[in-house]
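What follows is a short report on a single structure.
The values are calculated or read from the model by the stated rules, or taken from the named source; none is laboratory data. Worth saying up front: this structure is predicted, and the values here are computed from it rather than measured. Positions of Cβ are backbone-derived with ideal geometry, glycine not excepted, and every protein chain shown enters the neighbour counts.
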Amino acid sequence: MSEVTAPVLDFTAPLADQLAEGSRLIDQFQRELDQARLDEPLIRAWNGVPELQHIIRYDDSVDLSEIENDVAGGKIVVDGDHPAASWLWKIKNRLDAGETIDIFITVDYVGLRPSYRVNDVVMDVDDLGNVKITVLLEHDYGQLTSRTLWPTPTTPAGFQPFKIWLLGGPAHWAAATSLWINLARAHGYPNIGWTSDPVSITDADYRNWPIVIKPFSYKEAEALGVTDGLVDSRMKNWHEACAAMLNDANVTTVLRRYLPGDELPWPGAKVSYGTLVVAFEYQGDMADDVTGGLAEGIGQLIRIFLNSVVEGFGGNSPLPVETGEELLTGQPVPPAYQEPGKIGSVPTRPYVFFPAGSPGIQKFKAQVTLARGRRFTAGGHSMPGVVSPPS
């Protein structure tokens, strides 16, 4: 696979030399990019370990998308006799064998690597017996939409003394730090000692974290000239609290899964294979809709503050105290449905199932939906241990 190297210009050289060298580098970069675009995208399917299961070539169709600072999706269709088709479909077989059932798809193309989580696997059989397997995908950015920003992330769920999380600074630094603290809350604080800038630490041990942030410091963020922003969250998820602010500041959230064979995400990184690495790229003054001035930053802070007031930043704001997490699962299949030759249905959960090859069936469609990473948190006004009587 061809590699595209970003041009580097020597700004200490005379201006005429800079212009000549710049023109040469641009032409070279364009040639490399055009060559890389001729390569076939490398589409790989991984299990949850992650272990490479299949390289998907000769697919029937591929439709993938990316949306800046938002969740995108896509789908891949393969024929039933494709080497990957059986593995993609037989999820229950892997579950029964004690294997992981998560499926991740990575796409390497022109130096980028968007990655996706499989949400649904669909099998279509037409009237001629031709089988198509379709996987419906959600971009890995969706992992950030299930990360709640707690009002007081350093205390237990039942004790949240502050009603709202507030953090200001350069927009991408505030967003990154807010995410880092809540990841630490969920997966354990690394042994880095006291610091007011945890995102800047490069030698922390993140091997137990499924998501990590590529380190950068407050000073580095400030030196870029990124618009200041304010993250405010009263149990919002990270996307709800930060996406609009990052868009205003012309900062793009870039995600890349660290996989076997890759270089470390940054020098000295201690991360496990399969980890989702979150980086923030400032588009700078060349972006189409720059809003990076002082007035715009102040205006954004005022707008966010007013939104906080409207949401209940004052005396009527609820304090989530009796909170916790509970695994939600589907109802068990009635035993009668698993008895061969059994006729009838259970009134509470009626359905009918026709095995493949049943007489009279011309075409059919079946779909398996995998569990999604979602959290539901509930709370109230009462102090811990106090339950209000029903009204």
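For the residues Tyr141, Tyr116, Tyr109, the requirement of being buried (at least 18 other Cβ atoms within 10 Å of the Cβ), over 27 Å from Thr202 (Cβ atoms) and in contact (Cβ under 8 Å) with a residue 40 or more places away in the chain singles out Tyr116. Pairs linking a residue in the range 222-238 that is under 20 Å from Asn250 (Cβ atoms) and touching a residue at least 60 places away in the same chain (Cβ under 8 Å) to a residue that is buried (at least 23 other Cβ atoms within 10 Å of the Cβ) and of a type in the set (Val, Ile, Thr), with Cβ atoms under 7 Å and 6 or more positions apart or on different chains, are Val226/Val251. The residue of the range 144-161 that is farthest from Ser86 (Cα to Cα), among those that are at pLDDT 90 or above and not in a loop (DSSP other than H, G, I, E, B), is Thr148. One residue stands out among those in the range 190-223 that are modelled with pLDDT under 90 and surrounded by 13 or more Cβ atoms within 10 Å (Cβ to Cβ): the one that is farthest from the chain's Cα centre (by Cα), which is Ile192.
Hey, can you tell me all the residues within the range 198-223 that are in contact with a Ser or Thr (Cβ under 6 Å, 6 or more places away or on another chain) and either of a type in the set (Ser, Thr, Tyr) or within 20 Å of Trp165 (Cβ to Cβ) (or both)?
Residues of the range 198-223 in contact with a Ser or Thr (Cβ under 6 Å, 6 or more places away or on another chain): 199-200, 207, 212, 215, 217.
Once the filter is applied, which keeps residues that are in contact with a Ser or Thr (Cβ under 6 Å, 6 or more places away or on another chain) and either of a type in the set (Ser, Thr, Tyr) or within 20 Å of Trp165 (Cβ to Cβ) (or both), the range 198-223 yields Val199, Ser200, Ser217.
Evaluating Tyr141 against the criteria (1) part of a helix (DSSP H, G or I); (2) aromatic (Phe, Trp, Tyr); (3) in contact with a Lys or Arg (Cβ under 7 Å, 6 or more places away or on another chain) leaves one unmet condition, (3).
One line per residue, one yes/no per condition, for (1) buried (at least 17 other Cβ atoms within 10 Å of the Cβ); (2) among the polar types (S, T, N, Q); (3) farther than 30 Å from Pro161 by Cα:
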{"residue": "Gly225", "(1), (2), (3)": "no, no, yes"}
{"residue": "Gly229", "(1), (2), (3)": "yes, no, no"}
{"residue": "His239", "(1), (2), (3)": "yes, no, no"}
{"residue": "Cys242", "(1), (2), (3)": "yes, no, no"}
{"residue": "Leu259", "(1), (2), (3)": "yes, no, yes"}
{"residue": "Pro265", "(1), (2), (3)": "yes, no, yes"}
{"residue": "Ala269", "(1), (2), (3)": "yes, no, yes"}
{"residue": "Gln283", "(1), (2), (3)": "no, yes, yes"}
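Applying a threshold of 8 Å to beta carbon distances and a minimum spacing of six or more residues, or different chains, the list of pairs starting in the range 85-101 at a residue that is over 10 Å from Val368 (Cβ atoms) and in contact (Cβ under 8 Å) with a residue 24 or more places away in the chain and ending at one that is in a loop (DSSP other than H, G, I, E, B) and among the small types (Gly, Ala, Ser) reads Thr100/Gly48. All told, Ala176 meets the bar of being surrounded by 21 or more Cβ atoms within 10 Å (Cβ to Cβ) and either assigned to a helix (DSSP H, G or I) or under 21 Å from the mean Cα position of the chain (by Cα) (or both).
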